[in-house]
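Every number in this text was worked out from the coordinates using simple rules, so none of it is lab data. The structure presented is a predicted model; accordingly, all values stated were derived computationally and were not measured. Note that each Cβ is placed from the backbone with ideal geometry, even for glycine, and that neighbours are counted across all protein chains shown.
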Amino acid sequence: MTKLSLATVAYLLISTSLWAGNAIAGRLLVGSISPITLSTVRWGLAALLLLPLGWRVFKPGSALWQNKKRFILLGLFGVGSYNVLLYLALQTSTAINVTLIGASMPIWMLIIGAAFYQVKPKFLQLVGASISIVGVGVVLTRGDLTSLLSMQVVIGDLLIMLATILWAVYSWMISRPGTSTERQWPWAEFLMAQVFIGFLWTSFFDGFEIASGHALLNLNVWTATLILFVAIGPSLIAYRCWGLGVSKAGPTVAAFFANFIPLFTALFSAALLGEPPALFHGLAFGLIVAGIIISS
């Protein structure tokens, strides 16, 4: 079983808390910038900010060109596709559907690990996954799990399911180096390769949004501040910490921490609205933590 150090827990909690902040920032930006354009601007700005540290990855003899197929997939699965699919899913699906389906990530981690990496799931991991998902359900239904019975499946639900599967594949890929020397690559160059190629993918997808006439970008001090936040926190810092956490804990255990995202989102939203945490927040926190402890 995986033993979690405090540093590993910190890496994974930093990632999930920043991604919760990203969800709130995304909601605040609705009406000011269109979804795919937001993703394109976010990753383009992230690439520029990371350039002073990771510029060597563009040199002719760098690992980017020697492993271009691997980075094309990493950039597509982890940067280009996930956020675009998430934003598109929210156009037709509800927040509760999207987050609940996203909470299935530990299950997909176990399936992909068994199917492609010969890592068989353990019984306690399955139990932990089930308990964590219940914890997410408690948050999203505000303690009334019976409301799940009224959920209806729409195209957005299928999109977020695909996004969750692709993120699981991405997490397994970064936990399994493509070459024997990959663990020694400078982190900034490794991340720069993913961010840059992810930016190219989102730019490609943004072309369709622009062509359809749905692209929107209204900049002011407030929106520019939010965009800068998502480019630095949820993009650079969160992806770096997630990579460190996954390399230490493994993708399966790390996936359980992703279920903190809806909890953190609920708490941050409550703080912004001036509402104190409710009893069901504490119950959900306990269930999610219990799932992590049992699985690891």
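Give the shape of region 192-236 as rounded, prolate or oblate, defined through the alpha-carbon gyration tensor: a ≥ b ≥ c are the square roots of its eigenvalues, a/c under 1.5 means rounded, and otherwise the shape is prolate if a/b is larger than b/c and oblate if not.
On the way: a/c = 3.80, a/b = 1.06, b/c = 3.57.
Cα axes put region 192-236 in the oblate bin.
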* Dipole of the chain, positive end: most advanced residue of A255, A168, S62 [Cβ charges, Cα centre] -> S62
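If you add up the charges near L90, with Lys and Arg at +1 and Asp and Glu at -1, over every other residue whose beta carbon is less than 15 angstrom from its beta carbon, what do you get? Present the calculation step by step, with values, prior to reporting the outcome.
Details: positive: R27; negative: D157, E209.
Residues near L90 contribute -1 overall.
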* Indicate the gyration tensor shape class of region 214-272 (rounded, prolate or oblate), computed on the Cα atoms with a ≥ b ≥ c the square roots of the eigenvalues: a/c under 1.5 is rounded; otherwise a/b larger than b/c is prolate and the rest oblate. => prolate
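Tell me whether the chain comes out rounded, prolate or oblate; compute the Cα gyration tensor, take square roots of the eigenvalues as a ≥ b ≥ c, and use a/c under 1.5 as the rounded threshold.
Values: a/c = 1.63, a/b = 1.12, b/c = 1.45.
It is oblate, given that a/c is not under 1.5 and a/b is not larger than b/c.
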* Asked: Between I155 and S212, what length in nm is gained on full extension when 0.36 nm per residue of separation is reduced by their alpha carbon distance?
  -> 18.6 nm
* Asked: For the chain, with only Lys/Arg (+1) and Asp/Glu (-1) charged at the beta-carbon, what is the dipole magnitude about the Cα centre, in debye rounded to 20?
  -> 880
* Structure fact -> So the number of lysine pairs in region 6-295 with alpha-carbon atoms under 24 angstrom apart, 8 or more residues apart or on different chains, is 4
* To do: Could you work out which residue, out of L159, L13, L53, moves most in a Gaussian network model of the chain, that is, has the largest mean-square fluctuation with Cα springs under 10 Å?
  => L53
* To do: Starting from the Cα of L162, step 7 Å along the direction of its Cβ; do the same at S269; then give the gap between the two resulting points in nm.
  => 2.6
